[in-house]
Amino acid sequence: ATPTAVMVGTGVGARNGILIKGGEPLELLHKIQCIVFDKTGTLTEGKPSVTRLVVFTSGDEREAITETLCLIGGAEASSEHPIAHAITEFAKNYLKYDSFPTVKNFEVIPGMGIKCRTTSIANCVKNCQQNEELENFIEVVNCDRQSSTLIDVSASDSVQRLDGVHQLLIGNRALMNQEKVLISKTVDVIVEHAQLSGDTVVMVACDGEVVCVAAVADKVKRESKSVVTCLKRMGIHVAMLTGDNRNSALAVAQRIGIDTVFSEVLPSHKVAKVKTLREQFGLVAMVGDGINDSPALAHSDVGIAVGAGTDVAVEAADVVLIKDNLFDVLTALDLSRKTVQRIK
Ligand code: ADP
Ligand code: MG
């Protein structure tokens, strides 16, 4: 490429919020044979909210809801994950309170969830309120029979059940399996059902017992489907890559029109999936927001970061789409084609 053509191309890009780091990505873009999109925050808005909360208890319903929200609101307040924000927000809104109890030994298990030890929730329970308007989103399942052997319900005052120091896990099935938490048939059915509609579902285990299931939903970006349709018409293979569960991933992919779906991929395995696609289709571009996918962005032939993104994403990517609009993927391809035509 002549330096002039590259300068013109990158200049036009920059003026339109498309930062292309030099001549190589600019020339490679129009040859791309496969584009793999990250799901959360890339094809979806990345701002999920709680759509359903199921609380298992054998005690008083309101108390159980309150305690559970004090507990998980506090634990997720330590996490940066969008799912964590959704849960903490919901807890704040329901309790009309935000001084959650702190947690100890907080640990993030990438691609799976969080692990911590709780402290007393007594203060939170005492000072919060109950927002009845949110009760439409909450369901209480009486677990009297099937789990009374697992939860010690000897105390009729259920605050004593969740108050104090407990081992808390919030995350997906992989986390529950890894930590040897048994998932009852009831929990299983609730989880599966919510996932089939595309929601992301996490389970909350307290001392090895599932006490709550939370479903969160993230809106698909308005332009996702049109962009994917255009790419497919151009003969480009389109795939989706996510750490999310298979059912949820498939539901979202179907809505957008993506047939190749890699789900339940741990952050550390995303690079390997990009390599698989390269072997199968040729030149691969990865589009992501940088949360968990920076290495994959760096290892694809052209890494495209969307949104102002994280600093690491901007660092790892060859192309940065400032406006967080996926139509700019098409604009970037077009710019590349035009630049190369000008060179020839
Ligand atoms: P993605 O590829 O969609 O960005 P991640 O790798 O970040 O997904 O997370 C994969 C899964 O791990 C999530 O769908 C969720 O089930 C679980 N998870 C991760 N972080 C948390 C958290 N803070 N709280 C609950 N669940 C979490
Ligand atoms: Mg993501």
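The values are calculated or read from the model by the stated rules, or taken from the named source; none is laboratory data. What you are looking at is a predicted structure, and each value in this text was computed from that prediction instead of being measured. Here Cβ is always computed from backbone atoms with ideal geometry, including for glycine, and neighbour counts include all displayed protein chains. Please note that ligands, DNA and RNA were not included when accessible areas were found on the heavy atoms of the full protein model with its side chains. Shrake-Rupley method; radii C 1.70, N 1.55, O 1.52, S 1.80 Å.
Of the conditions (1) part of a helix (DSSP H, G or I); (2) at pLDDT 95 or above; (3) open to solvent by 10 Å² or more (accessible area, probe 1.4 Å), T40 clears all except one; give me its number.
(2)
Please enumerate the residues belonging to the range 189-245 that are more than 16 Å from ligand 2 (Cβ to nearest atom) and at positive phi.
D207, G208, G235
Inside the range 43-60, can you point out the residues that are within 14 Å of ligand 1 (Cβ to nearest atom), outside any strand (DSSP E or B) and open to solvent by 10 Å² or more (accessible area, probe 1.4 Å)?
Within the range 43-60, E45, G46, K47, P48 qualify.
What single numbered condition from (1) within 16 Å of ligand 2 (Cβ to nearest atom); (2) touching a Phe, Trp or Tyr at 6+ places or on another chain (Cβ under 9 Å); (3) not acidic (D, E) fails to hold for T88?
For T88, the failing item is (1).
Restricting the search to the range 74-97, which residues are crowded, with 18+ Cβ neighbours inside 10 Å, under 13 Å from G113 (Cβ atoms) and of a type in the set (S, T, N, Q)?
S79
Tally up the residues in the range 251-282 that are open to solvent by 30 Å² or more (accessible area, probe 1.4 Å) and not in a helix (DSSP H, G or I), please.
Number of matching residues: 5.
For the subset of the range 11-37 comprising residues that are buried (at least 20 other Cβ atoms within 10 Å of the Cβ) and farther than 23 Å from K275 by Cα, which member is nearest to ligand 1 (Cβ to nearest atom)?
Of everything passing the filter in the range 11-37, I18 is nearest to ligand 1 (Cβ to nearest atom).
Take the residues of the range 283-297 that are among the aliphatic types (A, V, I, L, M) and within 16 Å of ligand 1 (Cβ to nearest atom): which is surrounded by the fewest Cβ atoms within 10 Å (Cβ to Cβ)?
Residue satisfying both the conditions and the ranking: I291.
Taking into account only those residues within the range 228-238 that are out of contact with any helix residue (DSSP H, G or I) (no Cβ under 6 Å at 6 or more places or on another chain) and not charged (D, E, K, R), which is most open to solvent (accessible area, probe 1.4 Å)?
The qualifying residue most open to solvent (accessible area, probe 1.4 Å) is M234.
What tally of residues in the range 218-227 results from selecting those that are open to solvent by 20 Å² or more (accessible area, probe 1.4 Å) and either closer than 10 Å to A194 by Cα or of a type in the set (V, I, T) (or both)?
Looking only at that region, the number is 1.
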